[in-house]
Amino acid sequence: MVFYKLYQENNPKSVNVGKWYARAVAIQTIDTEGLIAEIEKLCTATDADVVAVMRALVFVMNKKLQDGYRVKLNGLGSFKIGLKTKAAESAKEFTATKHIVGSRVNFRPETHWSAADGNKRHKVFLDNLHVQELKPYSVDKSGEDDNENTGD
């Protein structure tokens, strides 16, 4: 079950100012140790085996991403490096030190096409997803415009 909270768009420049949206809320975090314990329950690998594989996976993924590879984990999705840049007036004026202002890791979950579903895409983590509003938290649903922002 994925929980959500409602939030109101308060940016006066937005065409949707005052309108309400749902925002997913993570109710807990599972860390590496928790994942290791869960994985160990599902297979014959020991705790030490899982730790070794996870550490090696992180190391190799880091290296390959920084070498310019897209890293695809079958059944999970793919990762690649993305850049945040500022515009240059021309290609000749563009320099990495001046115009590349940030980087990130982009993740795309594995997607399957289903002919039985009218060729709809199904993302591996979203099949059979159920959502529910998180309770309790404070949002006035009476229709009054209180401009309360309840997002994370």
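What to note about this one:
- Every residue from the stretch 1-54 that is outside any helix (DSSP H, G or I) and among the basic types (K, R): K5, K13, K19, R23
- Each residue in the stretch 18-53 was checked for being open to solvent by less than 70 Å² (accessible area, probe 1.4 Å), of a type in the set (V, I, T) and more than 23 Å from the chain's Cα centre (by Cα), and 3 pass.
- Any strands (runs of 3 or more DSSP E) falling wholly within the stretch 77-125 and containing at least 3 residues that are open to solvent by 80 Å² or more (accessible area, probe 1.4 Å), without any contact (Cβ under 8 Å) to a residue 40 or more places away in the chain and touching a Gly at 6+ places or on another chain (Cβ under 8 Å): 100-109
- Of all residues in the stretch 54-76 being β-branched (V, I, T) and over 13 Å from N106 (Cα atoms), the one that is least open to solvent (accessible area, probe 1.4 Å): V60
- Breaking point among (1) among the acidic types (D, E); (2) open to solvent by 100 Å² or more (accessible area, probe 1.4 Å); (3) touching a strand residue (DSSP E or B) at 6+ places or on another chain (Cβ under 7 Å), for E9: (2)
- Where a residue in the stretch 45-56 is at negative phi and its partner, wherever it lies, is assigned to a helix (DSSP H, G or I) and open to solvent by 50 Å² or more (accessible area, probe 1.4 Å), with Cβ under 6 Å and at least six apart: D47/E40; V50/I39; V50/E40
- Residue identified as of a type in the set (G, A, S) and within 22 Å of L129 (Cα to Cα) among A24, A52: A24
The values are calculated or read from the model by the stated rules, or taken from the named source; none is laboratory data. Predicted model, so just to flag it, every value in this text is computed and none were measured. Neighbour counts run over all protein chains shown; Cβ positions are idealised from the backbone, glycine included. These accessible areas exclude ligands, DNA and RNA; they are computed on the full protein's heavy atoms, side chains included. Shrake-Rupley method; radii C 1.70, N 1.55, O 1.52, S 1.80 Å.
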